[in-house]
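Engineer: Right, I'll just put the structure down here and ask away after.
Just so it is clear, none of the values below were taken in a lab; they were calculated from the coordinates. Remember, it's a predicted structure, so these values are computed and weren't measured experimentally. A quick note on method: Cβ atoms are made from the backbone with ideal geometry, for glycine too, and the neighbour counts reach across all protein chains shown.
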2 protein chains.
Amino acid sequence: MKALLLVAHGSRRESSNDEIRALTAQIRAARCRFDLVEHAFLEMAEPDIAASGGRLAAAGATDIVVLPYFLAAGKHLRADIPAEVAQLEAQHPAVRFTLAPHLGAAANMLRLIHEHLDAL
Amino acid sequence: MKALLLVAHGSRRESSNDEIRALTAQIRAARCRFDLVEHAFLEMAEPDIAASGGRLAAAGATDIVVLPYFLAAGKHLRADIPAEVAQLEAQHPAVRFTLAPHLGAAANMLRLIHEHLDAL
């Protein structure tokens, strides 16, 4: 069973975290190739990566793609998230985890920016 | 003269900041509807918003669109960036500044995510 775990930074503003929750619901509703879709926050909000990864594993996920919802590859992306994924791997040895490139590396990012600006 | 100012968070990792510099060059090369395209970092890297906004004004920009290259609307987006733009407006009264919605609010974000995941 394939699962997607969207990992966002997390904010002290709950309205910001709610954006991530809404996006997760949209991805889930879009009937993508993932049977399960969850989100997690790296810091400042719940659930964290360990909790959401554990929930997906408990729900029967065998392949979990971790997508960092980050635009630039700073310390969080290069160090913190890989460390969290390594912990998940250690705790759930029967599950295959794949750390996807961060969203900022998406091939069509430039197009999105132009479309966003054209809509102003 | 129309200008775009892409505002990213900024990182202690220069490789992360270089991603923003490369993206800015790509936007500029794409011959969008902006005559001038610059980037700035909110913190931890140079140039800052005041410096880049000032450079655009000195280059003759009369309309400057500020695009927050952020995915979620946390404190940086709701408080810090508007405060910086207000300062720019005070310093350059002849220039019209428009604070665009952050990139995370882009209408086609969901499509980008699906395309990014399909390319794995």
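Engineer: Roughly how big is the stretch B:64-118's charge dipole about its Cα centre, with Cβ charges of +1 (Lys, Arg) and -1 (Asp, Glu), in debye to the nearest 20?
Structural biologist: Charge dipole, the stretch B:64-118, about its Cα centre: 140 debye, nearest 20.
Engineer: Still on this structure, I have one more. Got the relative contact order for chain B handy, in percent, Cα pairs under 8 Å and 6 or more residues apart?
Structural biologist: In percent, rounded to a whole number, it is 28.
Engineer: Just to be sure I understand: chains B and A are related by a rotation, so which residue of B has its Cβ closest to that axis, and how close in Å?
Structural biologist: Rotation axis B onto A, closest Cβ, rounded to whole Å: B:LEU112, 2.
Engineer: Between B:ALA51 and B:ASP35, what length in nm is gained on full extension when 0.36 nm per residue of separation is reduced by their alpha carbon distance?
Structural biologist: Taking B:ALA51 through B:ASP35 to full extension adds about 3.9 nm, to one decimal.
Engineer: What distance in nm separates the simple spin-label points at A:LYS75 and B:GLN87, each placed 7 Å from Cα in the Cβ direction?
Structural biologist: Reported label-point gap for A:LYS75 and B:GLN87 is 2.3 nm.
Engineer: Say we join alpha carbon atoms closer than 10 Å with springs in a Gaussian network model of chain A; which of A:ALA73, A:ALA100, A:ALA90 then has the biggest fluctuation?
Structural biologist: A:ALA90
Engineer: Please average, across the residues of A:79-85, the number of beta carbons from any other chain that are within 10 Å of each residue's own beta carbon, and give a whole number.
Structural biologist: Going residue by residue through A:79-85 and averaging, the value is 0.
Engineer: Now for a separate question. Decide, for the stretch A:1-53, between rounded, prolate and oblate: order the square roots of the alpha carbon gyration tensor eigenvalues as a ≥ b ≥ c, take rounded if a/c falls under 1.5, and otherwise choose prolate if a/b is larger than b/c, else oblate.
Structural biologist: Oblate, since a/c reaches 1.5 and b/c is not below a/b.
Engineer: Give the shape of chain B as rounded, prolate or oblate, defined through the alpha-carbon gyration tensor: a ≥ b ≥ c are the square roots of its eigenvalues, a/c under 1.5 means rounded, and otherwise the shape is prolate if a/b is larger than b/c and oblate if not.
Structural biologist: The shape class here is prolate.
Engineer: What does the net charge come to around A:ARG21 if you take all other residues with beta carbon closer than 15 Å to its beta carbon, with K and R at +1 and D and E at -1?
Structural biologist: Net charge in that neighbourhood comes out at -3.
Engineer: Ordered shortest first, which distances in nm separate the 7 Å Cα→C-beta label point of A:ARG33 from those of the other copies?
Structural biologist: Listed shortest first, these distances are 3.6 nm.
Engineer: Hey, what angle do you get for helix A:49-58 against the long axis of chain A, alpha-carbon based, 0 to 90 degrees rounded to 10?
Structural biologist: 60 degrees
Engineer: If neighbour count is taken as other Cβ atoms inside 10 Å, put B:GLU38, A:GLU115, B:GLU46 in order from fewest to most.
Structural biologist: Final ranking by Cβ density, sparse to dense: B:GLU46, A:GLU115, B:GLU38.
Engineer: Separation of the stretch A:1-75 and the stretch B:24-57 by C-alpha centroid, Å?
Structural biologist: Each part reduced to its Cα centre gives a spacing of 31 Å.
Engineer: Here's something else I'd like to know. Grab the other residues whose beta carbon is less than 14 angstrom from that of A:PRO101, score K and R as +1, D and E as -1, and report the net.
Structural biologist: After counting each charged neighbour, the total is -2.
Engineer: Dipole magnitude of the stretch A:26-102 about its Cα centre, charges +1 at Lys/Arg Cβ and -1 at Asp/Glu Cβ only, in debye to the nearest 20?
Structural biologist: Dipole about the Cα centre, nearest 20: 280 debye.
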